[in-house]
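Taking it in order: structure first as structure tokens, then the write-up.
A short reminder: the numbers here are calculations on the coordinates, not readings from a lab. Keep in mind that this is a model prediction, so the values were computed, not measured. Every residue, glycine as well, gets a Cβ built from its backbone with ideal geometry; the counts of neighbours run over all protein chains shown.
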């Protein structure tokens, strides 16, 4: 049974997220497909923005030791999107650094109005990936 890039068995069964990526550019289409729903992307945007504001507030108040708390709104909102909207596991579990970079790239594309186009491109490439394994 081939392992699909999305991390699922062809039957739609268990997550297999064992795919290894050699570069961020190889990881990026997988990341985009895991964030295909606009609500998930919005939750990432608001959670990451809130986390940045918390970080700035903690540092500006001289309470830099509180900076780990700045991760709570970002990861909390993102994980709600993954578990309840996308119904997948966050890529953070297997690829923490690339997922972190992916969040900021995704937010940049959202701000520039190009993220929907990126999702379409990633989904088209997944279709050709799936057909090549039949």
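So the values come out like this:
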{"item": "Contour minus Cα-Cα distance for residue 121 and residue 64 (0.36 nm per residue)", "result": "16.5 nm"}
{"item": "At R0 = 35 Å, FRET efficiency that the Cβ-Cβ distance of residue 46 and residue 89 yields, to 0.05", "result": "0.95"}
{"item": "Extension gain (nm, one decimal) between residue 104 and residue 22, 0.36 nm per residue minus Cα-Cα", "result": "27.6 nm"}
{"item": "Burial order of peptide ranges 43-52, 108-117 (average beta-carbon count within 10 Å, highest first)", "result": "43-52, 108-117"}
